[in-house]
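What follows is a set of notes on a single structure, which appears directly below.
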Amino acid sequence: MFVVGRVPIAGVKFRLARDFCVPSFAGDEGRSQLPPALRMLAKRHPLLSKTVLSALLIVSLVSCSSEDERLHEQMKEVFLWSASAEMILDMRLNALVPEGFTDLAVQRCEKQIADISSQLPHTSRYGPARAAAVKLNGLIAAAHNEIDHDRLEQGRWHLVELHHYEREQRKVFGADG
Amino acid sequence: MKKLFQISLGIVTSVGGFIETGQIATSSQAGAAYGFSLLWAIVIGTVCLVFLIEMSGRFAIASRHTVADGIRERFGSNYFLLTLLIISIVNLLVLASELGGVALALQFVSGVGFQWWALPVAFTAWLLLWKGTFGMIEDGVAILGLVALCFVVAVFVMDPPWLDVAKGLIPTLPHKEPLHYGFIAVSILGAVIAPFLFLFYSSGAIEEKWDKSFFGANRLIATIGMSFGAVIAAAILIVAALVYPPRGITDIEGYDQIAPILTPALGKWGFYLFAGSLGITCFGAALEASLGQAYLVAQGFGWNWSEDAKPRTDPGFALVYTGLLAIAVLPVAVGVDPLQLTIFSMAITALALPFGVVPFLFLMNDRNFVGDHRNGWISNTAVLAIIGLSFIVALITLPLQIFGE
């Protein structure tokens with residue numbers, strides 16, 4: 001099973017994950033992915049075809065569990081950057097860190113989340129993950145904007161919302177441990 | 001009285017010179033990911049470093065040779081060239097990381113991207129090396145580096161659960177991700193046992209004309225100075241363990257995450273103290289790494305060498321640190337993330353350690369060089385065991401961490 005490394009070389013890490021990715025879940029496209037040769041084999045040798053289909057089923061199961069693990073790792077990364085943005089914005093709200101630092105640091109968090117989100121495969125299986133990443137980035141941007149314009153109450157409100165949404169999504173994706 | 005002053009100064013500079021980007025990055029990562037449970041890596045790394053620093057000072061006093069000199073004489077030019085190549089790669093990576101650390105500190109306080117600071121930082125370092133003296137660099141920058149003691153203050157302000165901290169001093173297996181745990185442990189060892197430290201120290205002993213009356217002082221400086229330095233590294237890990245996991249940050253992937261580490265304990269000043277600590281300690285380490293490389297090359301090839309001499313009297317020496325700075329600044333100037341560079345270079349350092357340390361151990365056991373001041377079995381065993389362990393773990397974890405299992 002391929003598990004992506006943990007060295008913070010984010011670009012390499014996700015490129016590797018993408019390149020080594022096993023085939024996506026067949027049900028995604030709503031059509032059979034059996035090649036014509038296999039279909040002919042199934043017609044001529046029913047017993048052999050069962051063996052081949054069982055092997056394919058096992059391969060699909062393994063690929064699903066590998067995909068689950070990869071999704072789990074990617075979402076952990078998303079939550080890591082989202083929590084970092086939350087920490088920095090919270091400190092900015094209390095005037096503990098300078099504005100220039102906040103701008104660059106939060107921009108980086110948003111970029112990392114967007115990068116991870118864009119590397120998720122465009123299949124229905126990954127839809128909720130992409131939606132969560134987009135919403136997290138939206139909440140971070142909203143809080144950043146309010147704090148930037150000294151609307152501290154609204155900024156605080158967005159931060160609370162970000163915090164709750166992040167916690168909820170961590171549970172959904174099993175990344176709260 | 002004069003010797004007491006020199007010992008005190010030596011200890012202070014060892015404390016100030018111990019912390020640099022490697023310790024800050026790896027200790028923060030360890031604290032965020034595994035709480036206090038990697039404190040033991042700092043302890044065993046420091047034990048090894050104390051032995052190595054003491055040995056390099058003893059070697060310089062007893063043999064009137066530097067480590068590089070000794071390796072060339074004892075093992076011949078071919079082996080020296082191999083060692084030179086490996087240590088040069090490590091020094092280059094470490095220097096790039098340190099320049100990145102200074103540039104990032106300037107980014108934090110100015111809001112201007114770190115890439116823009118790379119060239120001014122490298123130029124300032126070069127100017128100081130060109131114009132400055134050994135004492136100015138060693139004492140001045142290292143004394144300023146004492147600002148890093150703010151991490152120790154932060155630990156007491158945050159009042160950690162001391163029993164859990166004590167448990168972290170005992171090596172244990174991780175409850176999650178053993179490969180990542182091993183990789184961080186190796187990076188900590190690589191950060192603590194940087195080869196430029198003992199190359200710099202042995203050259204410093206000769207620059208400052210230590211004679212046989214300095215054996216005791218050397219032992220005191222190595223033991224007390226390095227141990228106090230390790231206390232700062234441990235303080236960074238403890239503060240990271242208290243700050244990050246409760247906020248859902250269980251890994252560190254950028255210096256932006258580390259920058260506010262002191263803010264929960266020290267408020268607004270915490271941010272500027274962190275930036276100051278990062279900038280000053282990395283700048284000091286950049287000067288030491290550049291000089292360490294210049295010493296290695298000049299001593300190995302038998303050129304004139306002294307930081308106190310004018311560049312026109314030792315042009316080769318000056319050319320080496322100039323060239324090294326010019327190359328090391330490139331990755332930072334093109335925007336390679338300094339944290340990635342640091343973590344990677346620390347792990348490579350751990351992998352490369354045996355190539356510098358094992359021949360040095362041979363020298364320390366050779367009567368022709370050190371006479372009656374040879375190593376005892378305790379120092380030989382301790383250094384070999386720690387270097388061997390870090391090499392094996394680095395060999396296993398480094399490729400798996402980069403390319404996946």
(request) Among B:His175, B:Leu389, B:Gly229, pick out the residue whose Cα is farthest towards the positive end of the charge dipole of chain B, where Lys and Arg carry +1 and Asp and Glu carry -1 on C-beta, about the Cα centre. (result) B:Gly229
(message) Report, in listed order, any pair from B:Lys3/B:Lys212; A:Lys111/B:Lys268; A:Lys76/B:Lys167 with a Cα-Cα distance greater than 22 Å.
(response) A:Lys111/B:Lys268; A:Lys76/B:Lys167
(request) Please give every one of the aspartates and glutamates within straight-line cross-link reach of B:Lys310, meaning a C-alpha to C-alpha distance under 16 Å, and leave out same-chain neighbours fewer than 8 residues apart. (result) B:Glu207
(message) Only Cα pairs within less than 10 Å get springs; with that Gaussian network setup on chain B, which residue of B:Leu163, B:Leu339, B:Leu173 has the largest fluctuation?
(response) B:Leu163
(message) Counting only other chains, and only Cβ atoms inside 10 Å, what mean value do you get across the residues of B:334-340?
(response) 2
(request) For each of B:Asp69, B:Asp251, B:Asp372, count neighbouring Cβ atoms within 10 Å of the residue's Cβ, then give the residues from fewest to most. (result) B:Asp372, B:Asp251, B:Asp69
(request) With the Cα gyration tensor of region B:159-213 in hand, convert its eigenvalues to equivalent ellipsoid semi-axes via √(5λ) and list them largest first in whole Å. (result) 36, 17, 8
(message) Relative to 2.2 N^0.38 Å, what does the C-alpha radius of gyration of the protein assembly as shown come to as a ratio? Two decimals please.
(response) 1.06
(message) Averaged across B:250-263, how many Cβ atoms of other chains sit within 10 Å of each residue's Cβ atom?
(response) 6
(request) Using only atoms on other chains, find how many Cβ atoms lie within 10 Å of each Cβ of peptide A:90-98 and report the average. (result) 5
(request) Name the residues whose placed amide hydrogens come within less than 5 Å of the amide hydrogen of A:Val97, ignoring near sequence neighbours (fewer than 5 apart) on the same chain. (result) A:Arg92
(request) Net charge near B:Ala32: determine it from the other residues with C-beta under 11 Å of the C-beta of B:Ala32, scoring Lys and Arg +1 and Asp and Glu -1. (result) -1
(message) Counting other beta carbons within 10 Å of each residue's own, what order do B:Phe301, A:Phe79, B:Phe391 fall into, fewest first?
(response) B:Phe301, B:Phe391, A:Phe79
(request) Can you tell me the FRET efficiency between B:Asn78 and B:His175 if r is taken as the Cβ-Cβ distance and R0 is 56 Å, rounded to the nearest 0.05? (result) 0.75
(request) Write down the radius of gyration of region B:1-76 and its Dmax, each obtained from C-alpha positions, in Å. (result) 16.8, 47
(request) Would you mind ranking B:Glu207, A:Glu73 by Cβ crowding within 10 Å, fewest neighbours first? (result) A:Glu73, B:Glu207
(message) Just to be sure I understand: with springs between alpha-carbon atoms less than 10 Å apart, which residue in B:Ala148, B:Ala62, B:Ala240 has the highest mean-square fluctuation in the Gaussian network model of chain B?
(response) B:Ala62
(message) Show me, for region A:132-145, the HN-Hα J-couplings you get by feeding each phi into the Karplus relation (A = 6.51, B = -1.76, C = 1.60, θ = phi - 60°), rounded to Hz, glycine and proline as x.
(response) 5, 5, 5, 5, 4, 4, x, 5, 5, 4, 5, 4, 4, 4
(message) Just to verify a number: FRET efficiency for B:Trp162 and B:Trp130, C-beta to C-beta distance, R0 = 51 Å, to 0.05?
(response) 0.60
(request) Work through the residues other than B:Asn91 whose Cβ is under 11 Å from its Cβ and net out their charges, Lys, Arg +1 and Asp, Glu -1. (result) -2
(request) Please work out how much length the chain gains when fully extended from A:Val160 to A:His72, using 0.36 nm per residue of separation minus the C-alpha to C-alpha distance, in nm with one decimal. (result) 29.3 nm
(message) Nearest 10 degrees is fine. How inclined is helix B:338-364 to the longest principal axis of chain B, computing both from alpha carbons?
(response) 30
(request) Mind jotting down the three principal axis lengths of chain B based on Cα atoms? Whole angstrom, largest first. (result) 57, 50, 45
(request) For B:Lys209, go through the aspartates and glutamates and keep the ones whose alpha-carbon is under 18 Å away, minus same-chain ones fewer than eight residues off. (result) B:Glu54, B:Asp69, B:Glu138, B:Asp139, B:Glu307, B:Asp308
(request) Could you tell me, in Å, what Rg and Dmax come out for the Cα atoms of region B:1-138? (result) 18.5, 51
(request) Can you tell me the dipole magnitude for the protein assembly as shown around its Cα centre, using point charges on the Cβ only (Lys, Arg +1; Asp, Glu -1), in Debye to the nearest 20? (result) 1220
(request) Could you tell me which trypsin sites (Lys or Arg not before Pro) in region B:153-239 are loop residues by DSSP with no more than 15 other beta carbons within 10 angstrom of their beta carbon? (result) B:Lys176, B:Lys209
(request) Relative to the longest principal axis of the C-alpha atoms of chain B, give the angle of the C-alpha long axis of helix B:2-18, reported between 0 and 90° and rounded to the nearest 10°. (result) 50
(message) For region B:293-405, what does the convex hull of the Cα positions come to per residue, in cubic angstrom?
(response) 146
(message) Taking just the alpha carbons, could you work out the radius of gyration and Dmax for region B:97-242, both in angstroms?
(response) 18.7, 52
(request) For region B:131-181 and region B:279-326, compute the distance between their C-alpha centroids and round to whole Å. (result) 28
(request) Measure nothing fancy, just the Cα-based angle from helix B:226-243's long axis to the longest principal axis of chain B, in degrees from 0 to 90, nearest 10. (result) 20
(request) In vacuum, with every alpha carbon of region B:181-325 counted as one equal point scatterer, what does the Debye formula give for log10 I(q)/I(0) at q = 0.12 Å⁻¹? Two decimals, please. (result) -0.69
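No value in this document is a laboratory result; all are computed from the given coordinates. Fair warning: this is a prediction, and the values are worked out from it, not measured in the lab. Cβ: placed from backbone, ideal geometry, glycine included. Neighbour counts: every protein chain shown.
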